[in-house]
Structures are given as structure tokens and as C-alpha cells.
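What follows is a set of notes on a single structure, which appears directly below.
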Amino acid sequence: MGSVHQNELGWRDPKLGVGAQLYFGDTVHLSVAWRTDERASLTPEARLLFVRPF
């Protein structure tokens, strides 16, 4: 559940979404999320994060 604030419109109504997070050890994190509103598609938003100390 999330909402967005737009300066000219104020707070928008909350929108429900579906998502999952997967952790592969301590260094890799995969997040995927699907919209469930009128702008929904079959393709999720995805993020793949790597943690690597320098």
C-alpha cells in the first residue's frame, strides 16, 4: 500500500501493489513489484542489488 504526494494535487489515494523480496546470502537482494491499478502490466518493476565493500 502506498501513496504519492504531488505539489499541485496534494496526497493521492493509496494504491495496492504486490511484490516479493529475495535475499541470496548477505550480498545479493532481488526485489520485484507489480502494480494493481489501472496502469498495471504483466512485467514487474525489478531491482537487483549487490553489496560489495571497497
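Please treat every number below as a calculation from the coordinates, not as lab data. What you see is a predicted model, and the numbers here were worked out from it, not measured in a lab. Positions of Cβ are generated from backbone atoms using ideal geometry, with glycine treated the same way; all protein chains shown enter the neighbour counts.
What the table shows:
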{"item": "HN-Hα J in Hz across the stretch 32-48 - Karplus 6.51, -1.76, 1.60, θ = phi - 60°, x for Gly and Pro", "result": "10, 8, 10, 6, 10, 9, 5, 9, 5, 9, 6, 8, x, 7, 10, 9, 10"}
{"item": "Simple Cβ-charge dipole of the chain, Lys/Arg +1 and Asp/Glu -1, about Cα centre, in debye nearest 20", "result": "140"}
{"item": "Spacing of the two label points (7 Å from each Cα toward its C-beta) at D13 and R35, in nm", "result": "1.5"}
{"item": "Matching label, Kirkwood radius over Cα pairs in Å computed from the structure shown, candidates [x] 13.4; [y] 12.3; [z] 14.8", "result": "[x]"}
{"item": "Neighbourhood charge, 14 Å Cβ-Cβ cut-off, centred on E38 and excluding it, Lys, Arg +1 and Asp, Glu -1", "result": "+2"}
